[in-house]
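Novice: Can you read through this structure? Questions will come right after.
The numbers here are math on the coordinates, done by the rules we state, and not lab data. Keep in mind that this is a model prediction, so the values were computed, not measured. Here the Cβ positions follow ideal geometry from the backbone for every residue, glycine too, while neighbour counts run over all protein chains shown.
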Amino acid sequence: MNPMSKCVFCEIANGRIPSIRVYEDDDFLVFMDINPVTDGHCLLVTRNHYPTMAEVPDAILAKALPLAKALAQAAMLGVGAEGFNVICNNGSVSGQLVDHWHLHVIPRRDKAELPLRQGDPADLTKLPFVADAIRSNL
């Protein structure tokens, strides 16, 4: 069976599942999240199926951030927000619930709407080694 046939975002993009669409073009579809964190929470999804950002072609990714910026600005004006978050979860361990790459664009009026905590202070003796491990894989 084709994995895309079970993908809810592919079904939405193909019009087989209804959605409240905000924007669409040849590469992307933006629709309202049905489980919003805040009023105005939208999902920006690729029309083609890519499980995570690692599989999305660079040319598509290069178009995604300017679109997310425009969407965030429009959402802030539309719902009277003062800020926004753009969130991208990749893999189930990060909280990705649908195996189709997407961005959450979440307008914010109050910090309590989406609680995020600052991490604990880094071990400065370990930090250079972690940076080296990342750098060596770039």
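Novice: Under 5 Å between amide hydrogens, which residues at least 5 positions from Gly83 or on another chain qualify, with H placed 1.01 Å from N in the peptide plane?
Specialist: Arg108
Novice: Now a separate question. Can you tell me the FRET efficiency between Arg109 and Cys88 if r is taken as the Cβ-Cβ distance and R0 is 25 Å, rounded to the nearest 0.05?
Specialist: 0.70
Novice: Got a sec? Charge dipole of region 2-128, +1 on Cβ for Lys and Arg, -1 for Asp and Glu; which of His49, Trp101, Leu124 is way out at the positive end?
Specialist: Leu124
Novice: If packing is taken as the average number of other Cβ atoms within 10 Å across a peptide's residues, how do 85-95, 117-127 rank, most packed first?
Specialist: The most tightly packed comes first, giving 85-95, 117-127.
Novice: Based on the Cα coordinates of region 3-135, what is the per residue volume of their convex hull in Å³?
Specialist: Spread over its residues, the Cα hull of region 3-135 gives 139 Å³ apiece.
Novice: For Asp123 and Glu55, FRET efficiency with R0 = 35 Å and r from the beta-carbon atoms, rounded to 0.05?
Specialist: So the FRET efficiency works out to roughly 0.60.
Novice: If the elastic network links every pair of Cα atoms under 10 Å, which of Asp26, Asp99, Asp110 fluctuates the most in the Gaussian network model of the chain?
Specialist: Asp26
Novice: Pairs of Cα atoms under 8 Å, at least six residues apart: use those to get the relative contact order of the chain, whole percent.
Specialist: Relative contact order comes out at 23 percent.
Novice: Grab the beta carbon distance between Asn137 and Leu116, set R0 = 30 Å, and tell me the FRET efficiency rounded to 0.05.
Specialist: 0.65
Novice: Next question. Once amide H atoms are built 1.01 Å from N in the peptide plane, which residues 5 or more positions from Trp101, or in another chain, come under 5 Å H to H?
Specialist: Tyr50, Thr52
Novice: Using 0.36 nm per residue of separation minus the Cα-Cα distance, give me the extension gain between Leu97 and Lys63 in nm, one decimal.
Specialist: Result for the pair: 9.9 nm of gain on full extension.
Novice: Please report Leu43, Leu65 as a ranked list, fewest other C-beta atoms within 10 angstrom at the top and most at the bottom.
Specialist: Leu65, Leu43
Novice: Another question, if that's okay. Only residues of region 72-114 count here: report those whose backbone N is under 12 Å from the spot 7 Å along Cα→Cβ of Ile17, or say none.
Specialist: What the label zone holds, given the 12 Å backbone N cut-off, is 97-100.
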